[in-house]
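Remarks on the structure that follows.
Where a number appears in this text, it was derived from the coordinates with a stated rule and is not lab data. Because the structure is a prediction, the values reported are computed rather than measured. We place every Cβ from the backbone using ideal geometry, glycine too, and count neighbours over all the protein chains shown.
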Amino acid sequence: MACEICGLIKTGKLKKLYEDKNIIAVLNPGPSVNGHIWLMPKNHYTIIEQVPDYIIAHLFNMANKISVSLFEALGAEGTNLIVQNGIAAGQKHSHFMIDLIPRSGNDGLSFEWQPKQLSEEEMSTIELRVKEETKNIGAFEEEKPEPVNMDKEKEILSDEENYLVKQLRRIP
């Protein structure tokens with residue numbers, strides 16, 4: 001099954017706010033409030049665990065900058081940055097994205113939940129299990145550099161134009 005979001009990106013039907021070679025920010029076509037933005041990788045990744053580290057870093061760097069623009073352009077009093085990672089977390093599209101939602105005191109949205117009361121034993125068990133898994137976290141995945149094109153014609157400078165050649169000729 002083709003990804004609906006990938007299709008929308010390719011057709012250009014979304015209101016594009018920012019784009020570079022790896023990511024795109026668009027107005028959510030079904031916003032929770034005015035100015036609700038989707039920020040996502042252009043390539044298809046279903047969940048955050050599939051997205052390369054360097055793209056995640058870039059996405060969150062841009063989420064910060066776009067959040068600032070929501071304060072400036074729309075007079076937001078706050079922003080929510082939400083990642084719904086997996087169906088159980090409320091993910092509705094099979095394309096990883098960050099929702100950036102400008103907030104005001106009277107917008108009617110609520111993201112409140114009742115804190116769960118855990119015993120000290122339950123907290124310690126969770127702590128140990130998560131710590132055990134995080135011991136094996138690997139190195140940051142860097143973007144692979146683009147290969148250098150060696151087929152370009154070499155630029156040949158005349159002696160008059162090349163300062164270093166002139167200086168070398170002066171050496172006895």
Computed Kirkwood radius, in angstrom, where 1/r is averaged over Cα pairs of the stretch 4-103: 13.6
Counting only C-alpha contacts under 8 Å and six or more residues apart, can you give the relative contact order of the stretch 4-103 as a whole percent? 31
So what are the ³J(HN,Hα) numbers for the stretch 49-65, from phi and the Karplus equation (6.51, -1.76, 1.60; θ = phi - 60°), rounded to whole Hz, Gly and Pro as x? 5, 8, 7, x, 3, 5, 6, 4, 4, 5, 4, 6, 5, 5, 4, 4, 5
Give me the number: length gained by fully extending residue 22 to residue 149, i.e. 0.36 nm times residue separation minus the C-alpha to C-alpha distance, one decimal in nm. 43.6 nm
Is it possible to state the helix-based mean residue ellipticity at 222 nm for the chain, with each DSSP H run of 4+ residues giving -39500 (n - 2.57), the sum divided by total residues, to the nearest 500 deg cm²/dmol? What is it? -10000 deg cm²/dmol
If I fit a long axis through the Cα atoms of helix 120-134 and take the longest principal axis of the Cα atoms of the chain, what angle between them do I get, 0 to 90°, rounded to 10? 20
Among 118, 96, 27, which residue has its Cα positioned farthest towards the positive end of the charge dipole of the chain, with +1 placed on the Cβ of Lys and Arg, -1 on the Cβ of Asp and Glu, and the dipole taken about the Cα centre? 27
Need one number: nm distance between label points at residue 135 and residue 118, each 7 Å from Cα along Cα→Cβ, rounded to one decimal. 1.9
